[in-house]
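The structure appears right after this line, and notes come after that.
Bear in mind these aren't lab numbers, they're just calculated from the coordinates by the rules spelled out. Remember, predicted model here, so these are calculated numbers, not experimental data. As a convention, Cβ positions derive from the backbone with ideal geometry for all residues, glycine included, and neighbour counts pool all protein chains shown.
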Amino acid sequence: MIRRSVLTGTGSALPKRAVSNAEMAQIVDTSDEWIVERSGIRNRHFAGDDENTATLAIDAARRALEAAGLEGKDIGLIVLATATPNNTFPATATQVQAALGANGGIAFDVAAVCSGFLYAVGAADAMLRTGMAEKALVIGAETMSRILDFEDRGTCVLFGDGAGAIVLEARDVAEDGPGVLFTKLHADGQHCDLLYVDGGPSTTQTVGHVRMKGREVFRHAVTNLADVLSETLEAAGISTDQIDWVVPHQANRRIIDATAKKLGLSPDRVVLTVDRHANTSAASVPLALDTAVRDGRIKPGQLVVLEAMGGGFTWGASLIRI
Ligand code: UT7
């Protein structure tokens, strides 16, 4: 038997307001045709005044808890990945903890932008396996619309808001049993000027806006994602044809397709939600995962690999047997 973090529930939440490419074309000089061709995005959701990162995270977490058959008081660890916290401090995770009645356990935020959920899975898995907690909520939640420059067509059409959550439970399982098998994480701060927010409490005392050199990010993304996927599968002694599903970060359909092609992965084993949700940063992977679990594609016993790359750069992959 081996102690693993077993995935026992998923959940997600989207803001009420859906925004089409046609609506974006009324805000900036763009077109549905350009956005679809260059990114695969058709729709995104933007949070209203009554919605924020914490409310979306709480809704997603409640659905994940329900799927796992648990209540808030059962949770000893909350790791929340976000680049758009409700406040500079306290951590949004503590606000989620209070709303769920999970008081007394561990709760903290992780800042790794679009790779945040992978970093959060890595942190939670390590803490569960070393006995720091028994049951964890791992959440990715964002309101990217709050930090978009709606005069910059190169970025504002690409992002959306949302949240996704999973429950991980420490269990002793057989070697070929379920759980997080391997997580590989990386960062390369030399590229922090290619994708960043031009504000913050310690510098400008403003929240700032997303700035991105899209073409250069694209180039690094395909290489880094293919490398970390290979590294993760190699660590587990798993070949690409044994993978049932890839749940990639949903930034750009062309990045997802190019990465799958580089690894020889069949496109029909790749979960795609970028058309509906756009790039929801740390929320994108758990949102896509929950979508594929709830529509019945991802089933118990299957091998699923999650991957993401984002500002920093940061990137990572996690191999999970459901
Ligand atoms: O989540 C973190 C990771 N982020 C990413 O993975 C994003 C990575 N990058 C990308 O997804 C792509 O680079 C973009 C979708 C951002 C852009 O696609 P691209 O094929 O790299 O286009 P580009 O930036 O090279 O721009 C091509 C043209 C430019 O015009 P010129 O200079 O060729 O005349 C842009 O000004 O498209 C123009 N353009 C637009 N046109 C219509 C840029 N944004 C828009 C727009 N609508 N929204």
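The 3J(HN,Hα) values that the Karplus relation (6.51, -1.76, 1.60; θ = phi - 60°) gives for segment 132-149 are, in residue order, 6, 7, 9, 9, 10, 9, 10, 10, x, 9, 8, 10, 4, 4, 6, 10, 8, 8 Hz. Gly and Pro appear as x.
Among Cys156, Cys114, the ranking by other beta carbons within 10 Å of each residue's beta carbon, starting with the fewest, stands as Cys156, Cys114.
When the helices of the chain are scored as -39500 (n - 2.57) per DSSP H run of n ≥ 4 and the total is divided over every residue, the value at 222 nm lands at -9500 deg cm²/dmol. The GluC sites (Glu not before Pro) found in segment 1-94 that occupy coil by DSSP, while having at most 16 further C-beta atoms within 10 Å, are Glu71. The chain gives an Rg/Rh value of 0.95, both radii derived from C-alpha positions and Rh following Kirkwood. Within the chain, DSSP assigns beta bridges of which about 75% are antiparallel (rounded to the nearest 5).
The spacing between segment 5-52 and segment 163-220, judged by their C-alpha centroids, is 19 Å.
Ranked for footprinting exposure by Cβ neighbours inside 10 Å, fewest first, Ile75, Ile41 give Ile41, Ile75.
Annotation for Glu234 and Gln190: the two label points, set 7 Å from Cα along the Cα-Cβ direction, are 1.9 nm apart.
A Förster radius of 22 Å, combined with the Cβ-Cβ distance separating Asn103 from Asp172, puts the computed FRET efficiency at roughly 0.20. Taking 27 Å as the limit for the C-alpha separation, the pairs Lys135/Lys299; Lys184/Lys262; Lys184/Lys261; Lys135/Lys262; Lys135/Lys261; Lys213/Lys299 exceed it in the case of Lys135/Lys262; Lys135/Lys261; Lys213/Lys299. Helices meeting the span-like rule in the chain (full DSSP H runs, Cα extent of at least 18 Å along the helix axis, mean Kyte-Doolittle score of 0.0 or higher): 53-68, 116-129, 214-236.
So what is log10(I(q)/I(0)) for segment 179-321 at q = 0.09, 0.10, 0.14 1/Å, when the Debye sum runs over its Cα atoms only? Cα-only, vacuum Debye calculation for segment 179-321: -0.28, -0.35, -0.65. In this structure, Val36 and Thr203 have a Cβ-Cβ separation that, at R0 = 30 Å, corresponds to a calculated FRET efficiency of about 0.25. Listed from fewest to most Cβ neighbours within 10 Å, the set Glu307, Glu231 follows the order Glu231, Glu307. Could you tell me the center-to-center distance, by alpha carbons, between segment 53-77 and segment 254-278 in angstrom? Computed from Cα coordinates, the inter-centre distance equals 29 Å.
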